[in-house]
1. Using every Cα-Cα pair within the stretch 1-79, state what percent have a distance larger than 18 Å.
2. Using modelled amide H (1.01 Å from N, peptide plane; none on Pro or chain starts), what sits under 5 Å from the amide H of Ile244, excluding residues fewer than 5 places away?
3. Starting from the amide H of Leu36, placed 1.01 Å from N in the peptide plane, find each other amide H under 5 Å away whose residue is 5 or more places distant or on another chain.
4. So if I average 1/r over every pair of distinct C-alpha atoms in the stretch 150-246 and take the inverse, what Kirkwood radius in Å does that give?
5. First select every other residue whose beta carbon is under 12 angstrom from the beta carbon of Ala202; then total the charges, Lys and Arg +1, Asp and Glu -1.
6. Based on C-alpha coordinates, I'd like the Rg and Dmax of the stretch 1-136, in Å.
7. Looking at the stretch 142-275 only, what percent of DSSP beta bridges run antiparallel? Nearest 5 please.
8. So for each of 280-288, 261-269 I average, over its residues, the number of other beta carbons within 10 Å; can you give me the resulting order with the highest mean first?
Amino acid sequence: MIPDKIEVQLSGRTGLVWSHESVVRLRRDHRILGGLVGSGARFPREEPGLPLLLSQQEMHVLLKEDAIRLVFIPRLVLPPSQEIKEKADKYDEDSYQQQIQVFKKEKEANIRSFADRILEGKKKKMMKKLKKQKVDDSEDPEIPELDRDAVIEEEIAKIQPITKDHQILQIFTKDPWLEDSDKIEAKLSQPTDPLDKCRLLAFKALWEKGYFIGEGSKFGGDYLVYLGDPLKFHASYIVICQGIDSLEKERPQDLVAKSRLGSQVNKTVLVAQLMKNKDEVTFTSVRRNHAKRQVKYFLTTEEENNEEEYHEDDDTKMNEYKQELHDPDENQIK
């Protein structure tokens with residue numbers, strides 16, 4: 001049986017997923033991670049919760065796989081109608097009345113479970129009261145018999161309902177009054193900016209190779225690439241996306257900075273660059289050689305044996321290498 005498409009709510013250039021089951025399916029079946037941006041129900045300040053935020057690149061990949069259905073809900077971006085307000089107020093009042101009944105039942109159960117103690121306490125109070133009122137000290141006051149059921153019913157009648165400020169409020173994970181008629185089928189436009197194009201093509205190329213890809217801004221890049229599920233693996237690569245000819249404009253110091261970044265966090269830096277007149281990207285890995293006392297840097301593409309050595313004070317070799325790097329026949333990713 002073919003599973004239903006996962007519903008994704010389009011919000012600007014990102015998508016929102018509101019179902020726990022869908023989040024699990026995206027990770028397990030499609031290697032899509034996204035990011036939880038909501039608040040957890042139990043510990044809202046300590047743990048993230050729904051919805052799951054999907055990037056534009058993740059949505060493009062899922063649309064190509066025919067795994068999701070994009071919808072736009074105009075009602076969620078407009079002020080609530082009077083009908084919705086009335087439904088919300090009625091729901092709130094019904095919830096309040098139900099909590100009053102639950103509170104009363106709990107208090108009543110407690111009174112019945114401690115009925116013997118309550119009865120004993122009543123008797124002691126009556127004894128003290130009679131001792132104060134007696135005329136002859138030699139006579140012991142007689143304690144009248146107390147009706148156990150009458151005492152319990154009297155205590156139950158004293159139960160006060162909870163006030164509004166003690167009401168428990170429900171945190172919804174989705175709109176409870178949302179109907180299918182409120183949803184409009186949406187489409188995702190293709191990126192036109194060279195940098196956005198590079199990000200999309202780089203994401204697709206790495207995802208199709210079987211990697212898990214996460215957001216990489218905390219490490220100074222666009223993506224973090226994992227060999228397996230991030231719950232079990234650390235990231236192996238930091239991907240930095242660049243537009244056309246951006247590598248030619250870089251100073252050698254910029255490449256040194258990238259290699260030091262990867263060296264400090266024990267990851268390989270991949271520079272993804274959009275090729276001229278082609279919807280393809282090339283990847284250049286930048287790593288630092290610690291084996292020699294004089295620090296050297298290596299620039300490699302995915303072509304075998306295509307490796308150059310660069311000294312920090314050798315700008316000529318770096319310029320020659322950058323010129324060779326832009327030959328599409330030699331550096332195109334397969």
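The values are calculated or read from the model by the stated rules, or taken from the named source; none is laboratory data. The structure displayed is predicted, hence computed values, not measured ones. Here Cβ is always computed from backbone atoms with ideal geometry, including for glycine, and neighbour counts include all displayed protein chains. Just so you know, the surface numbers come from the protein's heavy atoms only, side chains and all, with ligands and any DNA or RNA stripped out. Shrake-Rupley method; radii C 1.70, N 1.55, O 1.52, S 1.80 Å.
1. 41
2. Correct list: Leu274.
3. Leu53
4. Hydrodynamic radius (Kirkwood, Cα pairs) of the stretch 150-246 is 19.3 Å.
5. -1
6. Considering the stretch 1-136 through its Cα atoms, Rg and Dmax are 28.4, 99 Å.
7. 55
8. 280-288, 261-269
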